[in-house]
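**Student:** One structure, as structure tokens, below. Some questions next.
The values are calculated or read from the model by the stated rules, or taken from the named source; none is laboratory data. Computed from a predicted model, the values in this text were never measured in an experiment. Here the Cβ is made from the backbone with ideal geometry for all residues, glycine too, and neighbour counts use every protein chain on show.
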Amino acid sequence: MKSDISIHLPDWSAQLISGTDKTFPTRESRMSLAILLSRLNVENATGGPFGAAIFNMDTHELLSIGMNLVVSSDCSMAHAEMIAISCAQQLLGSFDLGATPCRYELVTSCEPCAMCFGAIPWSGIRHLACGARDADARAIGFDEGPKMADWKEALESRGITVETDICRQEAADVLQLYAKDRGTIYNGRHG
């Protein structure tokens, strides 16, 4: 039995981020990064068609990135949002991103699945920005889980603002690329 667990970001992600300006002043530029992460993940065959990033809400500086690593890590929880949140928490040395002096936003190439939706309030994220819709992911075969119909209102009632449909078509195009390339649809068999 292994005593420690580690999930590693793909090599291409470090190269991408090292050559990138760390400030993304518009919501579209922040979403473009999340979509680029999802596209590169598909093109490099390192995971599923989902990308995410966490930014400081005041300065728009990039804090962390994530991409879907479910298949490559053999971990069903390795969704892009979960990876980005985990990396941010490790970088800041806090399980609660809301306990820091800064406010953070999660930008994700697709609306969160049921698991990622549940993690957002616990993470301390103050804003969620989404590209593609849940329906776009379901259209290519992903089971996004039993998420409540009023999920946006549920987050907003906890003080987490939500924006959707930012660069939606570009994000949905990556999902379609993944389907065209016959990427693995990694739904649980009995869930």
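**Student:** Within the range 138-152, how many residues are outside any loop (DSSP other than H, G, I, E, B) and of a type in the set (A, V, I, L, M, F, W, C)?
**Tutor:** So the answer is 2.
**Student:** Failed condition for Leu92, given (1) under 18 Å from Pro121 (Cβ atoms); (2) in contact with a helix residue (DSSP H, G or I) (Cβ under 7 Å, 6 or more places away or on another chain); (3) not aromatic (Phe, Trp, Tyr), with all others met?
**Tutor:** Condition (2) is where Leu92 drops out.
**Student:** May I ask you to list pairs of residues, at least six apart or on different chains, whose Cβ atoms are under 6 Å apart, with the first in the range 163-185 being assigned to a helix (DSSP H, G or I) and the second being crowded, with 18+ Cβ neighbours inside 10 Å and among the basic types (Lys, Arg)?
**Tutor:** From the range 163-185, the pairs are Val174/Arg39.
**Student:** Another question, then. Out of the residues in the range 117-140 that are among the basic types (Lys, Arg) and out of contact with any strand residue (DSSP E or B) (no Cβ under 7 Å at 6 or more places or on another chain), which is surrounded by the most Cβ atoms within 10 Å (Cβ to Cβ)? Can you show your working first?
**Tutor:** The initial filter retains those residues of the range 117-140 that are among the basic types (Lys, Arg), namely 126, 133, 138.
Pick out the ones that are also out of contact with any strand residue (DSSP E or B) (no Cβ under 7 Å at 6 or more places or on another chain) and you get 133, 138.
On the way: Arg133: 18, Arg138: 13.
Top of the filtered list is Arg133.
**Student:** Go through the range 12-33 and give me each residue that's of a type outside the set (Ser, Thr, Tyr) and either surrounded by fewer than 19 Cβ atoms within 10 Å (Cβ to Cβ) or assigned to a loop (DSSP other than H, G, I, E, B) (or both).
**Tutor:** Trp12, Ala14, Gln15, Leu16, Ile17, Gly19, Asp21, Lys22, Phe24, Pro25, Arg27, Glu28
**Student:** Which is part of a loop (DSSP other than H, G, I, E, B), surrounded by fewer than 13 Cβ atoms within 10 Å (Cβ to Cβ) and at pLDDT 95 or above, of Gly159, Gly188?
**Tutor:** Only one candidate qualifies: Gly159.
**Student:** Of the numbered conditions (1) under 12 Å from the mean Cα position of the chain (by Cα); (2) part of a loop (DSSP other than H, G, I, E, B), Thr108 satisfies every one except a single condition; which is it?
**Tutor:** (2)
**Student:** Moving to a separate point now. Examine the range 81-100 for a residue that is of a type outside the set (Lys, Arg), in contact (Cβ under 8 Å) with a residue 12 or more places away in the chain, surrounded by 22 or more Cβ atoms within 10 Å (Cβ to Cβ) and not in a helix (DSSP H, G or I), and state whether such a residue exists.
**Tutor:** no
**Student:** Something else about it: In this structure, does Pro121 turn out to be out of contact with any helix residue (DSSP H, G or I) (no Cβ under 6 Å at 6 or more places or on another chain) and not polar (S, T, N, Q)?
**Tutor:** Judged against the criteria, Pro121 is a match.
**Student:** Quick check on the range 22-42: of everything there that is of a type in the set (A, V, I, L, M) and touching a residue at least 60 places away in the same chain (Cβ under 8 Å), which residue is farthest from Ala132 (Cα to Cα)?
**Tutor:** In this case the residue turns out to be Val42.
**Student:** Let me ask another. For residues in the range 61-80 being in contact with a helix residue (DSSP H, G or I) (Cβ under 7 Å, 6 or more places away or on another chain), part of a loop (DSSP other than H, G, I, E, B) and not aliphatic (A, V, I, L, M), which is modelled with the lowest pLDDT?
**Tutor:** Step by step, filter the range 61-80, then rank; the result is Ser76.
**Student:** Can you tell me which of Leu40, Leu9, Leu36 is modelled with pLDDT of 85 or more, under 25 Å from Asp181 (Cβ atoms) and part of a loop (DSSP other than H, G, I, E, B)?
**Tutor:** Only one candidate qualifies: Leu9.
**Student:** Here are some residues: Tyr104, Tyr178. Which one is over 14 Å from Phe50 (Cα atoms), in contact with a helix residue (DSSP H, G or I) (Cβ under 8 Å, 6 or more places away or on another chain) and aromatic (Phe, Trp, Tyr)?
**Tutor:** None of the others qualify; the one that does is Tyr104.
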